Every structure is written in structure tokens, then in C-alpha cells.
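The numbers here are math on the coordinates, done by the rules we state, and not lab data. Quantities reported herein were computed from a predicted structural model and do not represent experimental measurements. Glycine gets a Cβ as well: all are built from the backbone with ideal geometry, and neighbour counts include every protein chain shown.
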Number of protein chains: 2
Amino acid sequence: MTPRRAIVLLSGGLDSSTCLAVARRDGYRTVALTVDYGQRHRAELEAARRIAQALSAEAHRVVAVDLRALGGSALTSDAVDVPKGRDDAEIGTGIPVTYVPARNTVLLAVATAAAEAEEADAVYVGVNALDFSGYPDCRPEFLDAFREVARVGTRRGVEGRPIEFRAPLLHLTKAGIARLALETGVPVGLTLSCYDPPSARAGSSVVHCGRCDACRLRRRGFAEAGLADPTTYAE
Amino acid sequence: MTPRRAIVLLSGGLDSSTCLAVARRDGYRTVALTVDYGQRHRAELEAARRIAQALSAEAHRVVAVDLRALGGSALTSDAVDVPKGRDDAEIGTGIPVTYVPARNTVLLAVATAAAEAEEADAVYVGVNALDFSGYPDCRPEFLDAFREVARVGTRRGVEGRPIEFRAPLLHLTKAGIARLALETGVPVGLTLSCYDPPSARAGSSVVHCGRCDACRLRRRGFAEAGLADPTTYAE
């Protein structure tokens, strides 16, 4: 029997890299899919490329979706600063300025297109409902709604072979994700979670700013899991 | 009271141009949104630009989504030919090779992002369930499923002001759309519906191939409505 194929949304961060390793552990042949939605930092794309290679993805597709033409988020606009130094009580309250309008809707839409084009059976996405940092499109009800869109809106769905959407990190804490990453062989030292990474010298290890929400959640996760994070933090 | 704002998905064809005119008639300030998903022909983008201007859209945003990186459709791949000369019985049976994987899911996802970024209250989309040429993502159940995704997956939805999705052409025939276009003041002579338009000389009028499914449906619509199509057909 031919192994089934999965599209894995891969940003290059810890969560999506863990998804790729889990898809592989689940027996899928994997195609990594990075959606370049106009991130201000290209380091994320570089990290994704290295991780796809390290985890033996069959292919790594990069689809550009230029959301910068729309504005509206600190992650895609030069006019909005990434918040730094928020304490733990502030992270997770309200929707932060790093919210990219409808990001996961766009990511899953492109992944659905990829699944149809590559004849893949499943899509893996690293959304996480617990340490979700306030994004509405990281909740289980969002995923359920999207499954229905893909079922009624695609050739595969109409033909009775709907694409499966798997979110293996949905109910894990960041500590749980750090443990799962280690268990499944993620090259953790290559993963970059930072919203605003300091420029790294060519060839040096991954450097996190240490102050944005993503860095703080990541650091706390490793600390709570009692595991070492092999990447460097600027502060 | 400030007029409400709508995002209108605009390809430059007859249907989406009619949507833009309808949104305006409904009292919305409009932002036209063209998603450039790697069409083989740039004429479509040019047509959209002229129509947005002619129908007084406040802005025309073009978001590139490079689905060519995925392949899988005659409309985005150089490896698949656009079918020509299919008769009316063939059009509308099965899913044609011009199906772009998950196209309307991608279009509505980007429109949702635009609506959030522009603080728009509504999205207009020119999908049509009758003369739909076999695409699963032109059906009412697809739109209903997408409404739910946008309700649970966006900041506006969480805040209790969900984006409205309007598909004013959903249950119209092509003849009905041709009539509505004339009624609402669409500059029909600027609209380009063709999947594979012959090269037009600079400054010349819009030229349709006349043989692809989109041209045949358009032509039949005008004929059935007893209206003249001011564009030219190559054959």
C-alpha cells in the first residue's frame, strides 16, 4: 500500500516543525508548505527550508500571499511595532497587534489548494488553543468550521474523500509541545519562533529576541518542561 | 451616518463587475479586491483595474497568491490546455480542468483578511450556482460554510460584528446577470470573461476567444437576454 501523503503547514517555528515530525511519525509522506504572507523577516523562511530538509519532507513548497497589500498587523506592516516585554498576565488577554487578519483562514485555504493539487489526504497545522496568545483562529471551533468548508468546496470533498485536517498540538501546553518536539526528533536548534528576530551572522545559530510574546511563550514552555532550548536568546 | 464599506472580489469578468455595481447600488463604499493567483493572462488584471475606476471604487487592491507553485489547473499551469469548443451539454457536467484547486476558498480567505484590515462590513462575491460550469465551490452550501469560518475565525466575529458575505448572483442565470449588469450601469464593454483571451492590440476593445466555457456561457447569456455584448469575439 502506498503511504498516504500529508501537506504540513511549516513556518519554521517550534509548533509547525513539531507538526511535521508528528505527520512523519504518523506514517505520512510529507510535503511542507510555507505560506509567505509578507513577513517582515525572511529568517522564518530560511528556518522552514532547513527544517523541511532535516525532517525529510518530500518537497517544500513556498506560496507567496502578499497580505502586505492590505496592512493591519504588526507582523506584516512596517507601521506597527511588535510589542515587547509584555508580562505573562498580558499575554493571552485580548487580540494582540501581532494578529494577522484572517491568517489561519488564508493558511488553511492555501493548504487546501495544495492538498488538492498534490493529491494529499491530510493537512497538518500547528494551531494551539491553550497558549494561543489571543488569536480567534486558533480555536477548535475554527478548525471544525474550516473542515466543513473544505468538505463542500473541493473536488475531493465532492468525490467523498474529504481532506483530513489534523491539529496535533491543539490541546497541548507549550511545555507539552517542547516535550513532543524532543520525542519526535525535531531539530529544535533550527527552529525560530520569534516575531522580530535580531539579525544573526551568517552561519551562526538561531537567535531569538527573547522579549516578544512568541519568545516568552517558547522560553516558558522549555522551562516548564525542564528541557534545554538549544537556540540563543538576545536577552 | 457613515456609509458602510464592502470588499468586492473583482476579477474583471462580467459577474464580479456586476457585483461591484450591485454593492454600490446597495449603498456601500467599495474597495475592489483582485486576487492574482497566477493567471496565465494579465489581461484580466488590466480589465479589473479599468472597471474599479469606472465604477468609482474607493481603492483597488491587488493581492498576489502564487498558486502556480502548486499546479493542478488549466488556469494556472502551462502544462494543461484550456478546453475549447465544448458544447452546451458538456459544460456543467463534472469538474473541468479549468477548476483551480480551492480557488473560492482562497479568494474568500483573502477577502476576509481584507475586510478585517479595511474594517469593511461586507464581502461581495460573484459566485453563481446555476451556470456554474461544474465548480464545487460555487454552491450555496459552500458559502454558508465559509460564513461560519469567518464568524469564528476573525476579530470582527469574536467581537459580535461578523462580516456579511453577499452573493447577489448566486441564483441568477447568465441571462439574468447580463440584464442586471445593464441595469446597474456596469461598463460591459470593459469586462473580460475569457479563460484564454487572444492578444489584443494596445488600445483596442476587449476580445474574447469565443470558444472556452466562460466565453460560451457569456455569449449565451447575452443572447438569451436579447441584449448586445459590446465586446468582440474572435470566432
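Figures for the structure shown
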quantity: Packing rank of A:121-128, A:45-52, where each peptide gets the mean count of other beta carbons within 10 Å, highest leading; calculated: A:121-128, A:45-52
quantity: Gyration tensor verdict on the range A:185-235 (Cα atoms; rounded if a/c is under 1.5, prolate if a/b is larger than b/c, oblate otherwise); calculated: oblate
quantity: Average beta carbon contacts from partner chains per residue of A:154-160, 10 Å cutoff; calculated: 5
quantity: Modelled FRET efficiency - R0 35 Å, A:Ala54 with B:Glu164, Cβ distances, 0.05 increments; calculated: 0.20
quantity: C-alpha center-to-center spacing [the range B:129-195, the range A:1-57] in angstrom; calculated: 34
quantity: Surrounding net charge for B:Arg151, when Lys and Arg each add one and Asp and Glu each subtract one, Cβ distance under 13 Å; calculated: -4
